[in-house]
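The values are calculated or read from the model by the stated rules, or taken from the named source; none is laboratory data. Because the structure is predicted, anything quoted here is derived from the model rather than measured. Don't worry about glycine lacking a Cβ; one is built from the backbone with ideal geometry, like all the others, and counts go over all protein chains shown.
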């Protein structure tokens, strides 16, 4: 019995990390299709198809998913700025990262390019990140303050630029990419420790957003970084039967460590904008 990670390698193909969970008196049989670098492009991780434990407690179930790829990290302010710069002037204001209380998070600088405003990170957190990462660290922050329609528009734009059909992950895909197949509570296992991912109590200072990849311990078995914490990820799944709320997954920088558990599902009105909510893209694979 136990949980294992099989690493498959073959010349001309990407390495595949394939987790296996063998419970009492059971065996595991699976088929893995190797993928090339053209299929799993840089910045994405491959999640092989097969079963995984979805949910927790009485609601836990074994779900089977096909192959898919998902972004290693959430979309950053720098990436989203490129999207804004591609838009007609009359659409920029509609798609700009913003919240009712804070205003716009990206504004045009003296160069004419979009730059993050300083209010995103202030005080001791700003001083620390400036020393550790350097000036301009804000461009590596996860893009936030975006509605569901905004992030769908980004996926469509990225698709036209690259020729790939980008989309948001489903709730099931986002959970599997974070926790693997064995039903663990967090990407790293079952230990509830706020120092292992970006959440409310990770630092001895008021919690604020941090650049992607700041907590490498929150990397999943497939290599997806910031699998818990940082910002909630929009998904393409409905939270309710009336289809009025979208599912958010992953937890955020302002919430307790308990909400960063992989099976936790939060909800958001599609038009809702918040500094806790970002997104990452996914790809279907034939």
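Of everything in the stretch 219-243 that is touching a strand residue (DSSP E or B) at 6+ places or on another chain (Cβ under 8 Å) and without any contact (Cβ under 8 Å) to a residue 40 or more places away in the chain, the residue that is surrounded by the most Cβ atoms within 10 Å (Cβ to Cβ) is 239.
In the set 82, 98, only one residue is without any contact (Cβ under 8 Å) to a residue 12 or more places away in the chain and under 27 Å from residue 248 (Cα atoms); that residue is 82.
The selection criterion, being in contact (Cβ under 8 Å) with a residue 12 or more places away in the chain, surrounded by fewer than 17 Cβ atoms within 10 Å (Cβ to Cβ) and within 19 Å of residue 168 (Cα to Cα), holds for residue 66.
Looking at the stretch 106-120, is at least one residue under 30 Å from residue 172 (Cβ atoms), surrounded by 19 or more Cβ atoms within 10 Å (Cβ to Cβ) and in contact with a strand residue (DSSP E or B) (Cβ under 9 Å, 6 or more places away or on another chain)? No, that holds for no residue. Residues in the stretch 171-181 include at least one that is within 30 Å of residue 61 (Cα to Cα) and part of a loop (DSSP other than H, G, I, E, B). Count of the stretch 31-63 residues, restricted to those that are surrounded by fewer than 17 Cβ atoms within 10 Å (Cβ to Cβ) and either without any contact (Cβ under 8 Å) to a residue 24 or more places away in the chain or out of contact with any strand residue (DSSP E or B) (no Cβ under 7 Å at 6 or more places or on another chain) (or both), is 14.
Residues considered: 211, 216. Of these, the only one that is under 14 Å from the mean Cα position of the chain (by Cα), buried (at least 17 other Cβ atoms within 10 Å of the Cβ) and either closer than 30 Å to residue 23 by Cβ or at pLDDT 95 or above (or both) is 211. Of the residues that make up the stretch 266-279, is at least one touching a helix residue (DSSP H, G or I) at 6+ places or on another chain (Cβ under 6 Å) and within 18 Å of residue 178 (Cβ to Cβ)? Yes. Please indicate, with yes or no, whether at least one residue in the stretch 11-22 is surrounded by fewer than 12 Cβ atoms within 10 Å (Cβ to Cβ), on the phi < 0 side of the Ramachandran plot and assigned to a strand (DSSP E or B). No - not one qualifying residue is present in the stretch 11-22. Determine if the stretch 135-143 includes at least one residue that is over 18 Å from the mean Cα position of the chain (by Cα), closer than 24 Å to residue 81 by Cα, free of Cβ contacts under 8 Å to residues at least 60 places away in the same chain and surrounded by fewer than 17 Cβ atoms within 10 Å (Cβ to Cβ). Scanning the stretch 135-143 turns up at least one residue that is over 18 Å from the mean Cα position of the chain (by Cα), closer than 24 Å to residue 81 by Cα, free of Cβ contacts under 8 Å to residues at least 60 places away in the same chain and surrounded by fewer than 17 Cβ atoms within 10 Å (Cβ to Cβ).
For the stretch 253-265, the criterion of being modelled with pLDDT of 95 or more, in contact with a strand residue (DSSP E or B) (Cβ under 7 Å, 6 or more places away or on another chain) and not in a loop (DSSP other than H, G, I, E, B) is met by at least one residue. Of everything in the stretch 159-207 that's in contact (Cβ under 8 Å) with a residue 60 or more places away in the chain and on the phi > 0 side of the Ramachandran plot, which residue is nearest to the chain's Cα centre (by Cα)? Among them, the one singled out is 180. Checking each residue in the stretch 105-125 for being within 24 Å of the chain's Cα centre (by Cα) and in contact (Cβ under 8 Å) with a residue 24 or more places away in the chain picks out 105, 106, 114, 115, 116, 120, 121, 122, 125.
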